[in-house]
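Right, one structure below, let's go through it.
The values are calculated or read from the model by the stated rules, or taken from the named source; none is laboratory data. Since this is a predicted model, take the numbers as computed values, not measurements. We place every Cβ from the backbone using ideal geometry, glycine too, and count neighbours over all the protein chains shown. Heavy atoms of the whole protein, side chains included, go into the accessibility calculation; ligands, DNA and RNA do not. Shrake-Rupley method; radii C 1.70, N 1.55, O 1.52, S 1.80 Å.
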Amino acid sequence: MGEKRTVYLDHSATTYVRKEVLDAMVPYFTDHFGNPSSIYHIAGVSRKAIDTARAQVAKALGAGPEEIYFTSGGSESDNWAIKGIASANVKKGNHIITTKIEHHAVLHTCQFLEKNGFAVTYLPVDKYGLVDPAELERAITDKTILISIMYANNEIGTIEPIAELGAIARKHKVPFHTDAVQAIGNVKIDVNTQNIDLLSLSAHKFYGPKGVGVLYIRKGTKIDNLIHGGGQERRRRAGTENIAGIVGCGKAIELATADIEGHNKRIRALRDRLLAGIQAKIPDTHLNGHPEKRLPGNINISFEFIEGESMLLWLDDEGICASTGSACTSGSLEPSHVLLATGLPVEISHGSLRLTLGNVNTDADVDLVLDVLPKVVSRLREMSPLYKGKKGGCNVQ
Ligand SMILES: *Cc1c(COP(=O)(O)O)cnc(C)c1O
């Protein structure tokens with residue numbers, strides 16, 4: 001009897017808001033609601049809260065507070081970085097370099113610019129999802145105005161050699177943007193030692209609220225505004241500030257970066273036990289992404305002969321929240337662009353499952369998945385004509 005337990009394994013899609021974060025936010029909905037642009041004293045409280053949050057974000061990135069801009073989230077930050085650099089540097093050149101495995105917030109922005117006279121190089125990745133720094137260097141021309149490469153991939157968890165890629169951009173004097181939405185809290189980020197000029201974050205991926213993000217812009221970077229209007233954010237991002245969200249973002253990043261090693265150790269231990277269990281109990285699997293250079297909570301694994309979508313529904317029936325491909329494309333049957341870029345065949349990519357562990361997960365969650373998943377996979381395979389074919393010896397792999 002009773003309600004079925006929910007096992008949440010989709011932390012790369014979004015996270016819950018930490019209690020300390022929510023507690024910090026609440027007064028800014030009620031007591032301290034003043035518009036920071038106003039003159040009277042209660043507005044000063046809001047201004048101070050934003051200053052504190054800006055300092056918290058700056059510290060987490062090794063940046064200066066004057067280089068931190070609050071936005072509505074990761075998508076806006078990516079759009080601003082790319083469109084803003086493109087329009088401010090159009091006289092200098094029209095070439096942008098990115099990769100085939102970016103989030104759609106980057107890919108679709110680049111595709112939009114392609115329709116407007118820009119030329120975009122989409123760098124390939126190896127079978128683990130890694131970008132080759134030599135390949136980046138070869139792609140740079142005297143028309144290149146921006147390089148945008150994600151820090152860590154949201155689907156397969158692969159962590160790119162950002163400092164090295166940034167050094168190449170720096171050497172050629174091309175601004176370097178990284179979408180670090182998945183990386184923050186999992187890897188130590190320092191915009192100076194890692195040669196980063198622009199960096200995107202989203203609070204709801206690190207136990208903060210939805211609808212607030214950050215764009216770090218290195219001082220002196222030539223970039224146009226994306227949102228025009230009032231003089232907020234030092235005249236660079238108009239719109240009355242989302243004060244409670246900004247406060248939550250600041251508190252959340254402070255907590256997420258306070259003990260990265262400890263967090264990694266705990267999440268990785270759970271992840272490694274889950275992965276080893278899956279691989280031991282289920283035959284014909286393929287781990288996507290890099291075996292070591294990956295986010296501590298990420299598992300992306302393909303099960304041959306089955307459909308990811310059906311797997312998700314069966315898992316959901318057992319209270320397990322997971323994902324196939326990226327959240328934005330599930331619901332459609334398009335294979336993941338990331339898995340295809342790693343060279344995974346279309347039919348195998350359809351049977352892929354992403355489990356992303358985070359702060360809510362426990363050993364009991366791992367045990368439950370290790371009990372349920374093998375049954376789900378074997379039931380689905382029983383129904384699959386391809387699998388039966390294999391068992392009959394007709395389908396040699
Ligand atoms: C979630 C995500 C985004 C988008 O962030 P939003 O705040 O949801 O707009 C961008 N890039 C990556 C890598 C993400 O995982």
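Values as computed for the structure displayed
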quantity: Accessible area of Met383 in the full protein assembly, 1.4 Å probe (Å², nearest 10); calculated: 120 Å²
quantity: Fraction of alpha-carbon pairs over 20 Å apart in the range 1-156 - percent; calculated: 66 percent
quantity: Over 35 Å [Cα-Cα, the chain], rounded percent; calculated: 30 percent
quantity: Size descriptor, Kirkwood hydrodynamic radius, that averages inverse alpha-carbon separations across the range 59-139, Å; calculated: 14.3 Å
quantity: Computed [θ] at 222 nm, helices only, for the chain once each DSSP H run of length n ≥ 4 contributes -39500 (n - 2.57); calculated: -12000 deg cm²/dmol
quantity: 3J(HN,Hα) from dihedral phi, the range 335-349, Karplus parametrisation 6.51/-1.76/1.60, rounded to Hz, x for glycine, proline; calculated: x, 4, 5, 6, 5, 4, 5, 7, x, 5, x, 3, 5, 6, 5
quantity: Relative contact order %, the chain, counting alpha carbon pairs below 8 Å whose residues are six or more apart; calculated: 22 percent
quantity: Potential extension, Asp190-Asp126 segment - 0.36 nm per residue separation minus Cα distance; calculated: 20.5 nm
quantity: Ser38, Ser323, ranked by accessible area, largest first (probe 1.4 Å); calculated: Ser38, Ser323
quantity: Compactness of the range 73-186 - radius of gyration and Dmax, Cα, Å; calculated: 13.0, 38
quantity: Gained length - Ile227 relative to Glu20, 0.36 nm times residue gap less alpha-carbon distance; calculated: 71.4 nm
quantity: Computed E for Phe112/Lys210 - FRET, C-beta separation, R0 25 angstrom, nearest 0.05; calculated: 0.60
quantity: For the range 66-208: accessible area per residue (Å², 1.4 Å); calculated: 33 Å²
quantity: Per-peptide average of other Cβ atoms within 10 Å, ordering 83-95, 113-125, 50-62 highest first; calculated: 50-62, 83-95, 113-125
quantity: Heavy-atom accessible area order for Asp190, Asp179, largest first, 1.4 Å probe; calculated: Asp190, Asp179
quantity: Extension reserve of the Glu309-Arg170 stretch, reckoned as 0.36 nm per residue once the Cα distance is removed; calculated: 45.8 nm
